[in-house]
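A quick write-up on the structure given underneath.
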Amino acid sequence: MKALVIGSGGREHALAWKLLQSPRITEVVCIPGNAGTATLKGCTNVALNPSDFEGIARVSLVNNLALVVVGPEQPLAEGIVDALQAQGIAVFGPTQAGAQVEASKAWAKDLMAAAGIPTAASAVFSEASAAIAHVEAQGAPIVVKADGLAAGKGVTVAQSVELAKAAIEAAFGGQFGSAGQRVVIEEYLVGQEASVLAVTDGRTIRPLVPAQDHKPIGVGDTGPNTGGMGAYAPTPVVPPDLLVRIQETILEPAIAAFQSRGIDYRGVLYAGLMITPDGTPKVVEFNCRFGDPETQVVLPLLETPLDDIFMACIEQRLEDLPPLEWKSQAAACVVAAAEGYPDTYQKGMVISGLAAAEEVGTLVFHGGTQLKEGQVIANGGRVLGVTALGDTVEAAVALAYQGMAEIQFDTLYFRPDIGYRVRAES
Ligand code: AMP
Ligand code: GLY
């Protein structure tokens, strides 16, 4: 069976790698992919834009690609699943209607309210003056979010009313284009964050191993938010009893709420959670796709063939799939970014040490990389991630840093403290 993966990040490299470990998968095509997928045995890149649904459908049909997996949110929000399904192509991911859960924070808040899903109190505004009046009445800390997709940069956790006002003015001033023409203003939640990615066929929903991401750019979770600078799994923040509670109070009610809106949601539902000090899991955000870099730590722990899970979701028989099997190990991923990210950064630097990092026993999943004249060069903010397995999170983290020590490129930056909350406890 041949599969197609849409996207070009570390998440998609990990998806292609994991699919190719399945006994049934003979070949993977990546659109557009990166240098990592270009050099992965069994994988080929096709240089098309993920928004080119017609081109993607043609590649799928001509090459007999039996399964399409969509990585990023943008094509999902644009309706890639609807477009491919209309051509009879088996595709893993929610339809455009389902993808609203990520594409509009206001829509997601409505869904959560209707389903009684615990989340931060919030209000939606389509005018700056009303939003500012609300912030002045509420006081800080407070959270300002652009309603639409803003590549992970539309959220400001404001420690002062002044900063909240600046974020509101920036959003309505066009900083996030049309995504910021409505803002959601939210209660500030304290606690530990966790990412629970769940797979669903629209009726049954099953969580994957819980992970913890590290969103801010700086050591100790300081500085602006990024797409994620590193992750580990499983996280002790979500022990098994809490995962049951998340299933019952968040995941299953979400599926019921989709159903009551007439949405047949098949794919990944990613619950970004805050575990508040009294132990209540609250939803910070829902995403309609796999997380990046969470995927790079979740998939290496998975024993069940990934295509079995995807096909069970697509064919709506997840209930009959045997329990998912996991390695009894931990995984950690450290992201190497180009200095300056998430603002401006350089591209085009030559990357070395990739083979050496693999020799120490780590997996290097490429993000923003490109193959040029036989060399791997940096081509994005998050350039690559080094993933390692170990018997404990500490061991996995230590090995990931050993792999990272082998990697070199000009302006390379990584956080030296991935997994620090776990390491501090032990
Ligand atoms: P989001 O894109 O909605 O996940 O927000 C990005 C990050 O902002 C989250 O991972 C949190 O660290 C932080 N954040 C978002 N909403 C809240 C909230 N209500 N309270 C505290 N922190 C938040
Ligand atoms: N790592 C956060 C995300 O994928 O949204």
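Okay, here's what the table says:
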| item | result |
| --- | --- |
| Selection count where residues are out of contact with any strand residue (DSSP E or B) (no Cβ under 7 Å at 6 or more places or on another chain), of a type outside the set (A, V, I, L, M, F, W, C) and farther than 21 Å from T295 by Cα, scope region 353-382 | 4 |
| Yes/no for V157 being on the phi < 0 side of the Ramachandran plot, in a strand (DSSP E or B), surrounded by fewer than 21 Cβ atoms within 10 Å (Cβ to Cβ) and at pLDDT 90 or above | yes |
| Members of region 170-197 that are part of a strand (DSSP E or B) and surrounded by fewer than 21 Cβ atoms within 10 Å (Cβ to Cβ) | E187, Q192, E193 |
| Residue count for region 320-343, restricted to those that are in a loop (DSSP other than H, G, I, E, B) and under 20 Å from I418 (Cβ atoms) | 2 |
| Answer from D264, D241, D292 - the residue that is touching a helix residue (DSSP H, G or I) at 6+ places or on another chain (Cβ under 8 Å), acidic (D, E) and more than 16 Å from ligand 2 (Cβ to nearest atom) | D264 |
| Members of region 261-302 found to be within 14 Å of ligand 1 (Cβ to nearest atom), aromatic (F, W, Y) and out of contact with any Ser or Thr (no Cβ under 9 Å at 6 or more places or on another chain), listed by number | F286 |
| Among residues of region 359-399, those that are among the aliphatic types (A, V, I, L, M) and in a helix (DSSP H, G or I), counted | 6 |
| Set A378, A395, A388: member being surrounded by fewer than 16 Cβ atoms within 10 Å (Cβ to Cβ), under 25 Å from K18 (Cα atoms) and not aromatic (F, W, Y) | A395 |
| Scope region 129-154; condition part of a strand (DSSP E or B) and modelled with pLDDT of 90 or more; matching residues | I142, V143, V144, K145 |
| Options G279, G291; residue that is over 21 Å from the mean Cα position of the chain (by Cα), closer than 26 Å to E394 by Cβ and either outside any helix (DSSP H, G or I) or not small (G, A, S) (or both) | G279 |
| Flag if A167 is in a helix (DSSP H, G or I), within 15 Å of ligand 1 (Cβ to nearest atom) and either among the β-branched types (V, I, T) or at pLDDT below 90 (or both) | no |
| Test for I255: is it away from ligand 2 (no atom under 11 Å from the Cβ), within 13 Å of V101 (Cβ to Cβ) and not in a loop (DSSP other than H, G, I, E, B) | yes |
| Residues satisfying the stated conditions in region 113-139, i.e. hydrophobic (A, V, I, L, M, F, W, C), in contact with a Phe, Trp or Tyr (Cβ under 8 Å, 6 or more places away or on another chain) and within 15 Å of ligand 1 (Cβ to nearest atom) | A120 |
| Which numbered condition T204 misses (of (1) of a type in the set (V, I, T); (2) under 26 Å from I309 (Cβ atoms); (3) within 13 Å of ligand 2 (Cβ to nearest atom)) | (3) |
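The values are calculated or read from the model by the stated rules, or taken from the named source; none is laboratory data. Predicted model, so just to flag it, every value in this text is computed and none were measured. Ideal geometry is used to build each Cβ from the backbone, glycine not excepted, and the neighbour counts take in all protein chains shown.
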